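A short write-up of the structure that comes next.
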Amino acid sequence: MMQIPMSSPDLTDAEIAAVNKVLQTSYLSIGPEIRAFEQAAADYVGLPYGIGVNSGTSGLHLCVIAAGVQEGDFVITTPFSFVASANVILYERAIPIFVDVDPQTGNINPALVAEAANDIAQGGAAAQRWLPRRASVRSDSRLRAILPVHAFGQPADMDQINAVAYQHDLAVIEDACEAIGARYKDRRAGTLSNAAVFAFYPNKQMTTGEGGMIVTNNESWTNLFRSLRNQGRDVFDVWLDHTRLGYNYRLDEMSAAMGRVQLERLDVLLEKRARVAGWYNERLADIELIERPIIVPETTYMSWFVYVVRVKAPADRDSVMRKLAESGIPSRPYFTPIHLQPFYHQQFGYQPDDFPVTNYLGQISLALPFSGVMTEEQVDYVCTRLRMVVRDMGA
């Protein structure tokens, strides 16, 4: 029986050499590797500023602060995402306003974003229909920002989202943690908002072990980010002086060195992942109960983060997972909707049917083993077993 890893980073001797070189210097915190990595990331997307942080979550949190989000304020976002994209709103004691998602892409539905923003601006009963049941709303609460997520490496419909933001004077924070290298109408993910965040966890398109990168064209936000990530120390502060409340969100030199090499290889890494996705697409094309990922025309380059299929009735997603595991094949539900996570259910009183498209996608979506280093033989094995499992369920 073949044992398939769920994901694997794509590393070479060059990354190892870069990290070893740092270990032979006196710089292990903010130093030349971070500055070089930040500039390379900014150059890659075509923006003037990159700010390295120790995770995508940290980067999103700093963007929420820069957007002026305060206690009791509202931020429109998606319930179909990794939980961090909503958690960062709670870190500032603000209230996430979830709207449902597009059934094709799983990305936030821009028509619902517009409807929610208009209703919240109107106030009263119109606004109330978007608020969580147990939200504690202040008299001075206001809508501050929109935080769309590029799910699975496919950009959200940013033109429509930015039009809503412009109409209501809102900041847009682009969660591109799963989408480095993706293009929306030939524009790079990361350039479609006031500030964007990439993440470099080991299963991502490129990795630094742990780490993230904010990119922006806003100089004042950049200065704030660099202060906040470093315990609130400003450029003019002397050692152990701190101008504002900050955080230990620094990216270390070793991670930055690895990231700089990975970024140099990124286009190759993305193409290798696209090749594996192509193998999956070919082999799953005629399996009636498996729906392959849908790439919409606005996505002019898909940055394959995960390969997520939809398991259709009468097959059952969770049963498929168990059967695949018996053959040495791991798989994951992707995503468990945020509004159904125990904390959000308890805190805000969300129910499954509050966001029916998200709820449905949460029940049928299945991430298969995926990485740029998967072999065609491994993809064959996964697809053959998957075909057998769903065939038996559909009989």
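For this structure, a couple of remarks:
- For first residues located in the stretch 49-74 and in the same structural domain as ILE34 (by TED's automatic domain parsing) and assigned to a loop (DSSP other than H, G, I, E, B), partners that are of a type in the set (Phe, Trp, Tyr) and surrounded by fewer than 24 Cβ atoms within 10 Å (Cβ to Cβ) and lie 6+ apart or on another chain with Cβ distances below 7 Å form the pairs ASN54/TYR249.
Condition check ((1) of a type outside the set (Ser, Thr, Tyr); (2) more than 30 Å from ALA367 (Cβ to Cβ); (3) not in a loop (DSSP other than H, G, I, E, B)) across all residues:
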{"residue": "GLU115", "(1), (2), (3)": "yes, yes, yes"}
{"residue": "ALA127", "(1), (2), (3)": "yes, yes, yes"}
{"residue": "SER136", "(1), (2), (3)": "no, yes, no"}
{"residue": "ILE146", "(1), (2), (3)": "yes, no, yes"}
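- Checked against the criteria, ARG233 counts as more than 21 Å from ALA199 (Cβ to Cβ), buried (at least 18 other Cβ atoms within 10 Å of the Cβ) and not assigned by TED's automatic domain parsing to the domain that holds ARG385.
- Taken over the stretch 304-319, residues that are assigned to a helix (DSSP H, G or I) and either surrounded by 22 or more Cβ atoms within 10 Å (Cβ to Cβ) or of a type in the set (Gly, Ala, Ser) (or both) amount to 1.
- A single member of VAL88, VAL64, VAL45 is closer than 21 Å to ARG133 by Cα and of a type in the set (Val, Ile, Thr), and it is VAL88.
- Residue in the stretch 7-33 that is farthest from VAL308 (Cα to Cα), counting only those that are touching a helix residue (DSSP H, G or I) at 6+ places or on another chain (Cβ under 7 Å), among the acidic types (Asp, Glu) and part of a helix (DSSP H, G or I): GLU33
- ASP392 being modelled with pLDDT under 95 and either in a helix (DSSP H, G or I) or in contact with a Pro (Cβ under 8 Å, 6 or more places away or on another chain) (or both): yes
- Tally, over the stretch 347-389, of residues that are surrounded by 15 or more Cβ atoms within 10 Å (Cβ to Cβ), among the β-branched types (Val, Ile, Thr) and outside any helix (DSSP H, G or I): 1
- For ILE329, the conditions (1) assigned to a helix (DSSP H, G or I); (2) surrounded by 18 or more Cβ atoms within 10 Å (Cβ to Cβ) are fulfilled apart from (1).
- Residue tally, condition free of Cβ contacts under 8 Å to residues at least 12 places away in the same chain and in a loop (DSSP other than H, G, I, E, B), over the stretch 165-222: 1
The values are calculated or read from the model by the stated rules, or taken from the named source; none is laboratory data. Everything numeric here is computed off the predicted structure, so don't read it as measured data. Note that each Cβ is placed from the backbone with ideal geometry, even for glycine, and that neighbours are counted across all protein chains shown.
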